[in-house]
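*Asks:* Dropping a structure here in structure tokens format, bear with me for questions.
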Amino acid sequence: MAAHSFMVPLGTPAPHFDLTAVDGGSVSLADLEGSPATLVIFLSNHCPYVRHIEHGLGQLTAEYGSRLSVVAICSNDSVNYPDDDPTHLAEQAARAGFTFPYLLDDTQEVAKAYRAACTPDFFLYDAALKLAYRGEFDGARPGNKVPVTGASLRAAVDALLAGKPVEDDQTPSLGCGIKWKPGNEPA
């Protein structure tokens, strides 16, 4: 079932995390400090909305290189959704050209802290790790024939990197609802 992002208030500080990466090791929010822009993305492998944009996402994030810190987090219940287990997420990262860490939120506490609702769900933070953008990648959706460009997210990243304010009028992301473990759904 499709879900929209919650549209967390702009200016909200980035919640702390320290998560295991699908390729081993761990990454924390502290590892991303010092970047002029930080992008935290909630993704999954099985969702058609994510699959529709994944190559474009890989290309967009690679274009910004070190000017944009990026991590992806999968918070889905991988027991009931095995396509979202670490092996399949690693395959997705290779397929899509992701060069950023892909992290596992097995407890789903990080998704709750960020108020993530769907995959994909994008949270872009400024140099002070204050939320500057939460919204769609672009207007492309499976079946709507809109080209995948990353235009909405790109405009926000470009504004941050240029030291300009990000447009306040932001369109919520739309995707598959996060697959919560039984009894773990946010209140």
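*Asks:* Does a label point 7 Å from the Cα of TRP180, set along Cα-to-beta-carbon, have any residues of the stretch 3-21 with amide nitrogen under 17 Å, and which are they?
*Replies:* The answer is 3-8, whose backbone nitrogens lie closer than 17 Å to the label point.
*Asks:* Turning to a different aspect of this structure: What are the trypsin sites (Lys or Arg not before Pro) within the stretch 105-164 that DSSP puts in a loop, where the Cβ has at most 15 other Cβ atoms within 10 Å?
*Replies:* Answer by residue number: LYS145.
*Asks:* Cα centroid distance between the stretch 110-170 and the stretch 1-44, in Å?
*Replies:* 12 Å
*Asks:* Moving on to the next point. Could you work out, for the stretch 22-129, what percent of all Cα-Cα pairs fall into each 10 Å distance bin, beginning at 0 Å and stopping at the bin that holds the largest distance?
*Replies:* All Cα pairs, binned at 10 Å, distribute as 15, 51, 32, 3 percent.
*Asks:* Under 19 Å from the 7 Å Cα→Cβ point of ASP18, by amide nitrogen: which residues of the stretch 99-119?
*Replies:* 101-114, by backbone N distance to the label point.
*Asks:* Continuing with the same structure: Evaluate the distance, in nm, between pseudo-label points positioned 7 Å from the Cα of PHE6 and of ALA127 along their respective Cα→Cβ axes.
*Replies:* 3.0 nm
*Asks:* Using only Cα positions of the stretch 21-72, each an equal point scatterer, no hydration layer, compute I(q)/I(0) via Debye at q = 0.15, 0.28, 0.29 Å⁻¹ and quote the log10 values to two decimals.
*Replies:* Values returned for q = 0.15, 0.28, 0.29 Å⁻¹ are -0.49, -1.18, -1.20.
*Asks:* Tally up the carbon and sulfur contribution to the accessible surface of the chain as a whole percent, 1.4 Å probe, everything protein left in place.
*Replies:* C and S atoms contribute 53 percent here.
*Asks:* Moving on to the next point. Pairs of Cα atoms under 8 Å, at least six residues apart: use those to get the relative contact order of the stretch 1-131, whole percent.
*Replies:* About 41 percent, as a whole number.
*Asks:* Keeping every protein chain present and rolling a 1.4 Å probe, give me the accessible area per residue for the stretch 106-146 in Å².
*Replies:* 36 Å²
*Asks:* Related question: Mean Kyte-Doolittle hydropathy of -1.0 or higher plus an axial Cα length of 18 Å or more: which whole DSSP H helices in the chain meet both? Before the final figure, lay out the partial values.
*Replies:* Working: long enough: 48-64 (25 Å, -0.53).
Result, helices passing both filters: 48-64.
*Asks:* Ok, one more. Which one of ALA140, ALA116, ALA94 has the biggest mean-square fluctuation once the chain is modelled by GNM with Cα springs under 10 Å?
*Replies:* Result for the chain, Cα springs under 10 Å: ALA94 fluctuates most.
*Asks:* Separate question: For a quick check: with amide H placed at 1.01 Å from N, whose amide H comes under 5 Å from ILE73's, ignoring anything fewer than 5 positions away on the same chain?
*Replies:* ILE41, PHE42, LEU43, LEU103
*Asks:* Now a separate question. Report, in cubic angstrom per residue, the convex hull volume of the C-alpha atoms of the stretch 133-178.
*Replies:* Numbers: hull volume 3.5 nm³, N = 46.
Here the figure is 76 Å³ per residue.
*Asks:* Same structure, new question: Please work out which option in [x] -0.56, -0.75, -0.85, -1.15; [y] -0.69, -0.88, -0.97, -1.18; [z] -0.41, -0.59, -0.69, -1.08 gives log10 I(q)/I(0) by the Debye sum over Cα atoms at q = 0.11, 0.13, 0.14, 0.17 Å⁻¹ calculated from these coordinates, and answer with its label.
*Replies:* [z]
The values are calculated or read from the model by the stated rules, or taken from the named source; none is laboratory data. Since the structure is predicted, the reported quantities are computational estimates derived from the model, not experimental observations. Ideal geometry is used to build each Cβ from the backbone, glycine not excepted, and the neighbour counts take in all protein chains shown. We work out accessible area using only protein heavy atoms, side chains counted, and drop any ligands, DNA or RNA first. Shrake-Rupley method; radii C 1.70, N 1.55, O 1.52, S 1.80 Å.
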